[in-house]
Amino acid sequence: MAIVRYQPWGLLNQLQKELERGYQSSVGEGSIATAEWAPAVDIKEESDKFILHADIPGVKPEAIDISMENGVLTVKGEKKTEATTEQEGYKRVERSFGSFYRRFSLPDTADAEAISAKSKHGVLEIVIPKRAAVQPKKINVATEE
């Protein structure tokens with residue numbers, strides 16, 4: 001009799017992967033760009049700004065397009081494919097290539113006019129400052145006599 005390792009979450013994990021694959025293939029349909037891979041992203045909120053870090057090793061800064069429209073930050077770009085055929089000597093290829101496309105909804109406090117971005121060691125950093133809080137305005141009601 002063969003010994004089989006018991007994996008209580010194996011079926012659930014497989015189902016989750018299938019659902020994610022189905023979701024990722026449907027995201028972007030009908031949009032300008034479709035993603036062939038998605039960089040991992042961390043978003044941090046500080047008192048005066050939001051900081052977004054995206055892992056995009058091998059992507060040149062000139063191949064990245066960042067835009068902000070209607071409260072949605074869009075980051076897209078492309079990592080050029082290298083020759084990875086068996087004839088070139090490759091036995092295994094795991095790195096991602098092709099276009100990527102990520103969108104993030106930002107709160108109304110985000111200042112779209114002051115967004116900055118830089119790339120260092122394969123990590124893209126986007127800084128989105130917050131606008132000063134708008135103070136409520138008291139409106140007096142006039143009476144007609």
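The values are calculated or read from the model by the stated rules, or taken from the named source; none is laboratory data. The structure presented is a predicted model; accordingly, all values stated were derived computationally and were not measured. Cβ placement follows ideal geometry from the backbone for every residue including glycine, while neighbour counts extend to all protein chains displayed.
Taken as a whole, the condition of being under 18 Å from Lys130 (Cα atoms), surrounded by 12 or more Cβ atoms within 10 Å (Cβ to Cβ) and modelled with pLDDT of 90 or more applies to Glu45.
Residue pairs whose Cβ atoms lie under 7 Å apart, sitting 6 or more positions apart in sequence or on different chains, and linking a residue in segment 125-139 that is free of Cβ contacts under 8 Å to residues at least 40 places away in the same chain to a partner that is among the polar types (S, T, N, Q) and in a loop (DSSP other than H, G, I, E, B), are Arg131/Thr109.
Checking each residue in segment 69-78 for being touching an Asp or Glu at 6+ places or on another chain (Cβ under 9 Å) and either closer than 17 Å to Gly98 by Cα or not small (Gly, Ala, Ser) (or both) picks out Thr74, Val75, Lys76, Gly77, Glu78. Exactly one residue out of Glu78, Glu62 is assigned to a helix (DSSP H, G or I), free of Cβ contacts under 8 Å to residues at least 40 places away in the same chain and farther than 16 Å from Lys44 by Cα, and it is Glu62.
For Glu88, are the conditions met, namely being surrounded by fewer than 10 Cβ atoms within 10 Å (Cβ to Cβ), over 15 Å from Trp37 (Cα atoms) and either out of contact with any Phe, Trp or Tyr (no Cβ under 8 Å at 6 or more places or on another chain) or among the β-branched types (Val, Ile, Thr) (or both)? Judged against the criteria, Glu88 is a match.
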